[in-house]
């Protein structure tokens with residue numbers, strides 16, 4: 001679809017395209033994290049160890065990362081409508097087979113298929129929206145699309161956990177099947193045919209080297225903490241493989257006539273290259289609090305799962321508010337809107353740093369809502385800045401890399417944050433236990449010990465448990481410091497972007 005065909009769609013066609021893309025994106029994004037809510041049941045039902053059951057999520061993420069860069073080639077080779085239809089069809093089939101799996105090996109296989117065929121739907125959907133609507137409507141449209149991208153991962157695990165507890169883990173996967181089937185039919189009937197070129201060749205060298213680099217890096221991030229990072233021979237080997245494959249990919253892409261991914265485009269188009277850096281940082285901030293906060297609140301603060309689910313729900317509400325605000329902020333300079341969203345994220349990070357284990361549910365919900373607003377406000381100007389100066393013909397390829405780096409940023413930051421939490425918790429526990437000794441005269445003072453006691457084994461156990469809680473809290477605060485620093489990094493980078501030219505509204 002060229003830029004000229006944007007205005008050939010009727011209003012009704014555009015709305016139908018928007019509905020189908022939002023529905024498809026919500027369905028796919030929900031399935032990414034659904035398995036996280038099902039892992040305890042899956043481990044028992046499939047007689048798997050904790051390490052074995054983790055592959056259910058790991059291989060899905062790896063398949064998603066490998067398949068995402070192929071989006072541009074698939075759309076060019078088979079056409080946009082055919083690609084979205086067949087990908088959604090295989091995605092729906094794989095989702096059904098995930099619930100029907102009778103063994104761990106079967107489940108892992110179908111999760112790989114699910115991730116591989118679902119991955120192109122996200123960048124292709126966003127590309128389709130940019131091509132279907134005139135530029136002056138991109139802000140509101142991307143706001144609605146971004147809301148779907150946020151609500152799926154936030155709401156999916158919540159419903160999956162409740163449904164699985166009532167009806168079995170299979171229904172945790174099957175609950176999205178009706179939406180998946182509607183998406184299949186909708187893509188076939190609604191998506192414009194576009195153009196295809198049977199002569200489009202796939203750069204196999206670029207594809208294979210990038211796939212190996214991405215898959216190896218994702219394995220390092222997913223298994224590094226569990227295997228104690230570079231004390232493990234597996235992690236050292238996979239890291240070397242990732243570095244070698246990435247070097248070969250870059251070297252090949254800079255010298256090939258028609259590379260799989262145009263590295264030169266990142267340098268030639270400043271907004272696009274800068275946007276890839278910004279979306280990596282955005283990915284780091286996107287799901288980190290959702291992953292980090294629940295273990296802290298449940299294990300150390302004693303907050304029930306229902307309250308944690310409510311907190312995540314408030315983040316979804318905040319995201320809806322943020323994307324709604326972004327519609328009206330579209331009249332402002334995109335850089336100013338992005339900076340405003342980043343300042344909100346800095347504020348949420350600073351607030352998280354001030355939390356302790358006695359934090360109130362009101363503060364948690366308010367902070368979670370503010371996180372969602374910040375994410376919603378940031379997404380639209382980030383997308384507008386990245387693709388403002390890019391030729392429409394390069395959007396499918398560029399959008400694939402855009403979403404690939406967003407997911408890569410999420411994996412990277414979560415791995416780094418968890419490693420810091422584990423390291424800091426151990427270090428602070430060792431440091432604080434040094435002061436618990438019968439030779440420490442300060443502990444004899446009644447206003448120091450209060451109700452605590454180290455004269456008995458039960459008393460020592462209670463003190464050790466409290467030290468563990470406080471050491472863990474310090475580790476999480478350090479992770480929130482990293483979150484705040486990354487949020488602040490976006491601000492100076494946003495100033496380097498060129499101001500997008502707005503398209504005049506038709507009279």
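Values computed for the structure shown
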item	result
Of the criteria (1) outside the structural domain of residue 8 (by TED's automatic domain parsing); (2) on the phi > 0 side of the Ramachandran plot, which one residue 251 fails	(2)
Helices (runs of 4 or more DSSP H) wholly inside the stretch 36-118 that include at least 3 residues being at pLDDT below 85 and more than 22 Å from residue 168 (Cβ to Cβ)	55-67, 71-78
Members of the stretch 123-139 that are in contact (Cβ under 8 Å) with a residue 12 or more places away in the chain and under 22 Å from residue 187 (Cβ atoms)	123, 124, 125, 126, 127, 128, 129, 130, 131, 132, 133, 138
Options 261, 277, 291, 250: the member that is closer than 21 Å to residue 409 by Cα and not in a helix (DSSP H, G or I)	261
Residue among 296, 265, 292 that is over 18 Å from the mean Cα position of the chain (by Cα) and closer than 17 Å to residue 479 by Cα	296
Any chance residue 383 is out of contact with any strand residue (DSSP E or B) (no Cβ under 7 Å at 6 or more places or on another chain), surrounded by 20 or more Cβ atoms within 10 Å (Cβ to Cβ) and farther than 30 Å from residue 72 by Cα	no
The lone exception for residue 229 - which of (1) within 18 Å of residue 62 (Cβ to Cβ); (2) surrounded by 13 or more Cβ atoms within 10 Å (Cβ to Cβ) it fails	(1)
Residues of the stretch 301-336 satisfying the condition of being in contact (Cβ under 8 Å) with a residue 60 or more places away in the chain, farther than 19 Å from residue 367 by Cα and surrounded by fewer than 18 Cβ atoms within 10 Å (Cβ to Cβ)	327, 333
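Conditions tested, residue by residue: (1) at pLDDT below 75; (2) surrounded by 13 or more Cβ atoms within 10 Å (Cβ to Cβ).
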position: 430; (1), (2): no, no
position: 433; (1), (2): no, yes
position: 443; (1), (2): yes, yes
position: 481; (1), (2): no, yes
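The values are calculated or read from the model by the stated rules, or taken from the named source; none is laboratory data. Remember, predicted model here, so these are calculated numbers, not experimental data. Cβ: placed from backbone, ideal geometry, glycine included. Neighbour counts: every protein chain shown.
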